[in-house]
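Enquirer: Have a look at this one.
Just so it is clear, none of the values below were taken in a lab; they were calculated from the coordinates. Only a predicted model underlies this, so the values are computations on that prediction, with no experimental measurement involved. Here the Cβ positions follow ideal geometry from the backbone for every residue, glycine too, while neighbour counts run over all protein chains shown.
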Amino acid sequence: MQEFSRRTLLQSSAALAVGGLSWRTIAAHTASSSASSITGDTIEHRIFGKTGLSIAVLGFGGAEIGYENTDQKTVDELLNAALDAGLDVVDTAECYINSEEQIARAIGHRRKDYHLFTKVGHWVPDGQPKDFAWTKDGVLASIERSLKRLNTDVLELVQLHSCNVDILKRGECIEGLEAAKKAGKTRFIGYSGDAAAARFAVESGRFDTLQTSVNICDQQSIELTLPMAKEKNMGVIAKRPIANAVWRYDAPPKNDYHTEYYSRLQKLDYDFAKGNRAKDAGPEGAAGIALRFTLMQHVHTAIVGTSNPKRWAQNAGLTKAGPLTDAQHKSIRETWKKTAPENWVGQV
């Protein structure tokens, strides 16, 4: 079986319905109570586009526990505590090392408590060429493998994982997803990726959902794909919603998955991402502002990865502060527009 590192595999492949309401709409006092609600200490939920699923605005991303080889005891504690605190979306991928199996061991016994999403496109069985992953048979084989690893009979969502426009245009991988949906292996199908490929996926009309990068350091999708996704009533997942918290670095990070955002942040020079505010763990600190900014866009849930058992509940607490002020939101958008060159495209 061939495995690929996170950055390498993604770079190589990437070369108005009620569900559309966001915090910006809520802030303007036009939201429907069925689109978004906060009751007491319960995290806000939004209708996940055409899927009709009601999901929490903060999900869990399984990449970090896989790539960091987080011990199972910690994963058990993390995910069970998060479910107890209101988590109901768990997103992973077949290429996140053992993440799928870690999740199944930790919370497989609580399968009715959460919606389970995974991705395909970077696992190749022994003896097959690398491009087999994007064929119809390759997609179907990967889904079967994920079902076993996740110890479930059906998934809520299977997504193509950052394949490029040419692969999407060939259509075989989409046919694989459609066949899996028809066979009852997954309830919904989606595309996870950015820039031109994400635009093509949305325009195609063949996907139920879009997962794409949107954050204070990555705003291309706000104009390129999110408006059309809204028109088509697609469920939208924000990945990398706090820009990998790159304000925590005093020097360029060694993790190459973070370096682009770190470089951008130095140029964007947001006040809230410097000095004491960068260290502020509250809703007006860097993490709070970043997450709340992302949730003001047309997204239904933001996927944040962590290996800290307390982190999900802490991040969920930040969302309860609600939307940024109009002035805060406008400042972030205007800073981006005057600073970002054309080559600051969405990052996989």
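Enquirer: Could you state the number of Å between the C-alpha centres of segment 178-241 and segment 252-331?
Expert: 22 Å
Enquirer: Output the Kirkwood hydrodynamic radius of segment 251-348, Cα pairs only, in Å rounded to one decimal.
Expert: So the Kirkwood estimate lands at 14.8 Å.
Enquirer: Just the projected area, averaged over all directions, of the convex hull on the alpha carbon atoms of segment 180-307: how many nm²?
Expert: About 9.1 nm², averaged over all directions.
Enquirer: Read phi for every residue in segment 104-116 and hand back ³J(HN,Hα) as whole Hz from Karplus 6.51 cos²θ - 1.76 cosθ + 1.60, θ = phi - 60°, with x for Gly and Pro.
Expert: Those phi angles translate into 4, 5, 6, 9, x, 6, 10, 3, 6, 8, 8, 8, 10 Hz.
Enquirer: Sort I55, I65 so that the residue with the fewest other Cβ atoms within 10 Å of its own Cβ comes first and the one with the most comes last.
Expert: The most exposed by this proxy come first: I55, I65.
Enquirer: Nearest 20 debye, what's the magnitude of the dipole of the chain about its Cα centre given +1 on Lys and Arg Cβ and -1 on Asp and Glu Cβ?
Expert: With Lys and Arg at +1 and Asp and Glu at -1, about 440 debye.
Enquirer: Still on this structure, I have one more. With 10 angstrom as the radius, rank H258, H109, H115 by how many other C-beta atoms surround their C-beta, starting from the fewest.
Expert: Ranking H258, H109, H115 by Cβ neighbours within 10 Å, fewest first, gives H109, H258, H115.
Enquirer: Still on this structure, I have one more. Kindly provide the Kirkwood hydrodynamic radius of segment 295-342 in Å, to one decimal, from all pairs of distinct alpha carbon atoms.
Expert: Kirkwood radius, segment 295-342: 13.1 Å.
Enquirer: Alpha carbons only, please: Rg and Dmax for segment 44-87, in angstrom.
Expert: Cα-based Rg and Dmax for segment 44-87 come out at 13.0, 37 Å.
Enquirer: Sticking with this structure for a sec: Is there a pair in K181/K232; K130/K185; K230/K279; K148/K230; K239/K330 whose C-alpha atoms are over 30 Å apart, and which pairs would that be?
Expert: K230/K279; K148/K230
Enquirer: State log₁₀ I(q)/I(0) for segment 83-217 at q = 0.17 Å⁻¹ as given by the Debye formula over alpha-carbon point scatterers of equal weight, solvent excluded.
Expert: Log10 I(q)/I(0), no solvent term: -0.89.
Enquirer: Non-local amide H neighbours of L58 (under 5 Å, H modeled in plane, Pro and chain starts lacking H): which ones?
Expert: When sequence neighbours closer than 5 places are left aside, the close amide H contacts are A302.
Enquirer: Listing K119, K136, K267 from the residue with the fewest other Cβ atoms within 10 Å to the one with the most, what is the order?
Expert: K267, K136, K119
Enquirer: Here is a further query. Amide H of G171 versus every other amide H placed in the peptide plane: which residues, excluding those fewer than 5 positions away on the same chain, fall under 5 Å?
Expert: Under 5 Å from the amide H of G171 lies no amide H from a residue far enough along the sequence or on another chain.
Enquirer: Here is a follow-up. Sort largest first and round to whole Å: the equivalent ellipsoid semi-axes of the chain, each the square root of five times a Cα gyration tensor eigenvalue.
Expert: Those come to 29, 22, 21 Å.
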